[in-house]
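The values are calculated or read from the model by the stated rules, or taken from the named source; none is laboratory data. These numbers come from a predicted model, not from an experiment. Cβ placement follows ideal geometry from the backbone for every residue including glycine, while neighbour counts extend to all protein chains displayed.
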Amino acid sequence: MPEPADSLNFHDQHGRYPQAATLDDFVHTLAAVRARVDAACRRVGRDPAGVRLLPVSKTRPEASLRLAYAAGCRLFGENRVQEALGKWEAMQDLADLHWSVIGHLQTNKAKLVARFASEFQALDSLRVAEALERRLQGEGRSLDVFVQVNTSGEASKYGLSPEDVPGFIKELPAFPALRVRGLMTLALFSAEAERVRQCFILLRNLRDQLRQDAPANIRLDELSMGMSGDFEIAVEEGATVVRVGQAIFGARAMPDSYYWPAETVLT
Ligand SMILES: *Cc1c(COP(=O)(O)O)cnc(C)c1O
């Protein structure tokens, strides 16, 4: 069994992330996070090449994103569509920069996502799948998608209940513009490593179980799980994508309740 990751690296450590303000800062924070991902891989005998680091740039000004780009980032994760669209428009000069939308989507915003995003990680309803499919067809584009699963059982979290995921996956071949890559989750916000870990184990088991008889064009290779406070545990449990904001950019001024539907209380 892997050793649990250091208990200091938890969700309640927001005060510990210094602000990245210079190119040098970004080079260092990116290298430090990458080194922690690689070390977590080695603890459990995984190849570090199997884990992608997705820098989450929500709330950060364009100038910070440009520094992160200069430090090597070519894909940014954004929670809110409008904010992402604004940044995409402002940074058109960077032709090789791509955008991943990682937050809940309302159907009336599907049109925007279809226009600029290369990845959408929060698919949680057939209505959104339909809206995206129609808009993507219109744009002549396709989109990598992850199905969001609520692994913590918290009513405040978006995502499908684990028991609803198999039926949902079966419907997805009807949307050929959506290239299904895997599952995504937000773990329980807790300082108890074991409870956080259980969320990641649940997602991995679900993926393993579904992968066996997934429809032909549905790939379930990816597990997007782990954020600044818990990415090492997620990597130990099989994450192929970690979504990391604060440990790269610095602590966010905005409370997380701004991004998620209700205040989540530390347990
Ligand atoms: C903000 C956010 C993250 C990153 O959180 P950090 O604490 O900044 O690492 C990851 N996933 C989602 C869905 C987010 O909204």
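Residue count for region 1-43 under the criterion of being more than 22 Å from the chain's Cα centre (by Cα), at pLDDT 95 or above and not basic (K, R): the result is 5.
For region 145-198, a residue qualifies if it is more than 16 Å from the ligand (Cβ to nearest atom), among the hydrophobic types (A, V, I, L, M, F, W, C) and under 14 Å from L210 (Cβ atoms), and the qualifying residues are V165, F168, I169, L172, V180. State which residue is farthest from the ligand (Cβ to nearest atom) when the search covers only region 74-88 and only residues that are in contact (Cβ under 8 Å) with a residue 24 or more places away in the chain and surrounded by fewer than 19 Cβ atoms within 10 Å (Cβ to Cβ). Checked region 74-88; the qualifying residue farthest from the ligand (Cβ to nearest atom) is R74.
When region 225-261 is filtered for residues that are more than 11 Å from the ligand (Cβ to nearest atom), modelled with pLDDT of 95 or more and of a type in the set (A, V, I, L, M), the ones remaining, listed by number, are I233, V235, A239. In region 89-204, counting only strands (runs of 3 or more DSSP E) that sit wholly within it, the ones holding 1 or more residues that are of a type in the set (D, E) and surrounded by fewer than 23 Cβ atoms within 10 Å (Cβ to Cβ) span 119-123, 143-148. If you go through region 22-41 and keep only what is touching a helix residue (DSSP H, G or I) at 6+ places or on another chain (Cβ under 8 Å), surrounded by fewer than 19 Cβ atoms within 10 Å (Cβ to Cβ) and farther than 19 Å from M225 by Cβ, you end up with T22, L23, A32.
When A129 is tested against (1) small (G, A, S); (2) within 25 Å of G245 (Cα to Cα); (3) modelled with pLDDT of 95 or more, just one condition goes unmet, and that condition is (2).
Look through region 89-111, keep the residues that are of a type in the set (S, T, N, Q) and within 16 Å of the ligand (Cβ to nearest atom), and return whichever of them is farthest from N150 (Cα to Cα).
If we take residues in region 89-111 being of a type in the set (S, T, N, Q) and within 16 Å of the ligand (Cβ to nearest atom), then S100 is farthest from N150 (Cα to Cα).
If the condition is being in a loop (DSSP other than H, G, I, E, B) and surrounded by 13 or more Cβ atoms within 10 Å (Cβ to Cβ), then region 43-62 contributes V44, R46, V51, S57, K58, T59, R60. A residue that is within 12 Å of the ligand (Cβ to nearest atom) and either within 21 Å of R46 (Cα to Cα) or in a helix (DSSP H, G or I) (or both) occurs nowhere in region 206-219. For beta carbons closer than 7 Å, sequence separation of 6+ or different chains, a first residue in region 116-131 that is farther than 24 Å from T151 by Cα and a second that is at pLDDT 95 or above and not hydrophobic (A, V, I, L, M, F, W, C), the qualifying pairs are A117/S100; S118/H98; S118/S100; S118/D144; A131/T107.
Taking the criterion of being farther than 22 Å from R135 by Cβ, in a helix (DSSP H, G or I) and more than 18 Å from the chain's Cα centre (by Cα), the residues of region 63-88 that qualify are A63, S64, R66, L67, Y69, A70.
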